[in-house]
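The structure appears below as C-alpha cells.
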Amino acid sequence: MFGKKKIKSTDIKVLPRHVAIIMDGNGRWATRRAMPRTAGHKVGSENFVKTVDACDRLGIECLTVYAFSTENWQRDAEEVEGILKIMHAYIIKYVPELMKKNIRLRILGDLSYFDEKSRAALIESQHKLENNTGLTLCIALSYGGRNEIKQAVEALIKEGVTEIDEQAISDRLYTAHLPDPDLVIRTGGEKRISNFLLWQSAYAEYYFSDTLWPDFDESKLLEAIEEFGRRKRRFGK
Ligand code: FPP
C-alpha cells in the first residue's frame, strides 16, 4: 500500500506571510488517553513550541496562535488555572530561546483579566523581544474579536476622530501594523471561527483539520501551507 506523499518544506512554493492557528483539541486528546485535560494542554504547549520553530525555519513573517479566548474564562476554574499556569510558564521560560532566534513577541488580548504579577511578566517579555526583526509571534490571550473591534471604536470616540475609514480601525486593533492573516488553520475537527481575528481575516483562506492540536505536527502544517498555495485568491475581485 502506498501512503500519501509526505510534503517537505522544499515542496512549498507559496508562503503565506501571516499564518494564524486555532489550536483546538487538547482536551479530547487527553480524555482519549484517560488523562486529565490539563495534560492535553501541556502536550499542546509543547506542540506550540515546535510549531513556532517550524514557522521560523520556513521564513514565515508572522504567526498568531489562539491560546485563550475571553469565553475560555467561563470554563471550570480548575482548568482555567491549569491552562494559564502552563501557558505562563511556557511563555516566560521560552523568552531566552525566542531571543536567540530573533523572534518578536506580541500578546493580543485584554490583559486586564490577569493578576498584576502575570500581566507585568507578560508585558516584560514583550519588551525584551520588541527590537527583534525575525518572525513575529503573536499569542492571542484573553482574546475576543468582537471585544477587540469594540475597544477600537471606543478609542476612536475617545480620540475624537469623526472621519472613520477602515485603516483607522485596523490601526487601533491589537494587531496594528501587522499584515492580515493569509491562512487561518483550525485543528480539532470543528468548522467555526470562534471570535478569532474577525476583522483581520476578511480575506484569509481557511483550512480545517480533523487532527487534534497535540498531533498537528510539522508535516500537517506543511500540508496546510501547500494547500494554501493551491488556492486562488481573488480578494472579492
Ligand atoms: C483548545 O483545546 C485549547 C485551549 C483552550 C488552550 C490552548 C492552549 C495551548 C495549546 C497552549 C498554548 C501554549 C502557549 C504557551 C501559547 P480544548 O481544551 O478546547 O480541547 P477540546 O476541544 O478537545 O475540549
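With respect to residue 134, determine if the residue is of a type outside the set (A, V, I, L, M) and not in a helix (DSSP H, G or I).
On the way: of a type outside the set (A, V, I, L, M): yes; not in a helix (DSSP H, G or I): yes.
Yes; evaluated as a whole, the condition is true for this residue.
Conditions (1) open to solvent by 70 Å² or more (accessible area, probe 1.4 Å); (2) more than 12 Å from the ligand (Cβ to nearest atom), marked per residue:
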site: 186; (1), (2): no, no
site: 197; (1), (2): no, yes
site: 201; (1), (2): no, yes
site: 208; (1), (2): yes, yes
site: 229; (1), (2): no, yes
site: 236; (1), (2): yes, yes
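What number of residues within region 46-62 are in contact with a strand residue (DSSP E or B) (Cβ under 9 Å, 6 or more places away or on another chain) and either within 11 Å of the ligand (Cβ to nearest atom) or under 11 Å from residue 23 (Cβ atoms) (or both)?
Qualifying residue count, region 46-62: 3.
Can you find, within region 66-93, the residue that is farthest from residue 193 (Cα to Cα) among those that are basic (Lys, Arg) and assigned to a helix (DSSP H, G or I)?
From region 66-93, those basic (Lys, Arg) are 75, 85, 93; that's our starting set.
Retained after the next criterion (residues that are assigned to a helix (DSSP H, G or I)): 85, 93.
Values: 85: 25, 93: 30 Å.
Only one residue tops the list, namely 93.
One residue is enough: does region 10-28 have a residue meeting the conditions more than 9 Å from the ligand (Cβ to nearest atom), crowded, with 18+ Cβ neighbours inside 10 Å and farther than 30 Å from residue 230 by Cα?
Of the residues in region 10-28, the ones more than 9 Å from the ligand (Cβ to nearest atom) are 10-21.
Adding the requirement that they be crowded, with 18+ Cβ neighbours inside 10 Å leaves 16, 18-21.
If we keep only those that are farther than 30 Å from residue 230 by Cα too, we end up with none.
Scanning region 10-28 turns up no residue that is more than 9 Å from the ligand (Cβ to nearest atom), crowded, with 18+ Cβ neighbours inside 10 Å and farther than 30 Å from residue 230 by Cα.
Out of all the residues in region 30-41, which are near the ligand (Cβ under 8 Å from one of its atoms) and open to solvent by 30 Å² or more (accessible area, probe 1.4 Å)?
31, 37
Would you mention how many residues in region 5-63 are under 26 Å from residue 176 (Cβ atoms) and among the charged types (D, E, K, R)?
Number of matching residues: 3.
Touching a residue at least 40 places away in the same chain (Cβ under 8 Å), open to solvent by 20 Å² or more (accessible area, probe 1.4 Å), in contact with a helix residue (DSSP H, G or I) (Cβ under 8 Å, 6 or more places away or on another chain) and among the β-branched types (Val, Ile, Thr), is that true of residue 123? Give the steps one after another, and end with the answer.
On the way: touching a residue at least 40 places away in the same chain (Cβ under 8 Å): no; open to solvent by 20 Å² or more (accessible area, probe 1.4 Å): yes; in contact with a helix residue (DSSP H, G or I) (Cβ under 8 Å, 6 or more places away or on another chain): yes; among the β-branched types (Val, Ile, Thr): yes.
Here the answer is no, as residue 123 does not meet what is asked.
Within region 50-58, does at least one residue satisfy the condition of being surrounded by fewer than 16 Cβ atoms within 10 Å (Cβ to Cβ), more than 15 Å from the chain's Cα centre (by Cα) and farther than 22 Å from residue 197 by Cβ? Talk me through it step by step, then tell me what you get.
Here is the first cut: in region 50-58, the residues surrounded by fewer than 16 Cβ atoms within 10 Å (Cβ to Cβ) are 50, 53, 57.
With the extra rule that they be more than 15 Å from the chain's Cα centre (by Cα), the set shrinks to 57.
Subsequent filtering for residues that are farther than 22 Å from residue 197 by Cβ retains 57.
Among the residues of region 50-58, at least one is surrounded by fewer than 16 Cβ atoms within 10 Å (Cβ to Cβ), more than 15 Å from the chain's Cα centre (by Cα) and farther than 22 Å from residue 197 by Cβ, which makes the answer yes.
Can you run down the residue pairs with Cβ atoms below 8 Å, 6 or more apart or on separate chains, where the first is in region 196-224 and farther than 30 Å from residue 150 by Cα and the partner is more than 16 Å from the ligand (Cβ to nearest atom) and aliphatic (A, V, I, L, M)?
Listed by first residue and then by second, the contacts come to 209/224; 219/7; 222/7; 222/12; 223/7; 224/183.
May I ask you to list the residues in region 131-170 that are among the acidic types (Asp, Glu) and either touching a Leu at 6+ places or on another chain (Cβ under 8 Å) or surrounded by 14 or more Cβ atoms within 10 Å (Cβ to Cβ) (or both)? Write out each step before concluding.
The initial filter retains those residues of region 131-170 that are among the acidic types (Asp, Glu), namely 148, 154, 159, 163, 165-166.
The answer is 148, and nothing else.
The values are calculated or read from the model by the stated rules, or taken from the named source; none is laboratory data. Note that the structure is a prediction, hence the values are computed from the model and not measured. Because the Cβ atoms are built from the backbone with ideal geometry, glycine has one as well, and the counts that use them run over all protein chains shown. Protein only, heavy atoms only, side chains kept; ligands, DNA and RNA dropped before computing areas. Shrake-Rupley method; radii C 1.70, N 1.55, O 1.52, S 1.80 Å.
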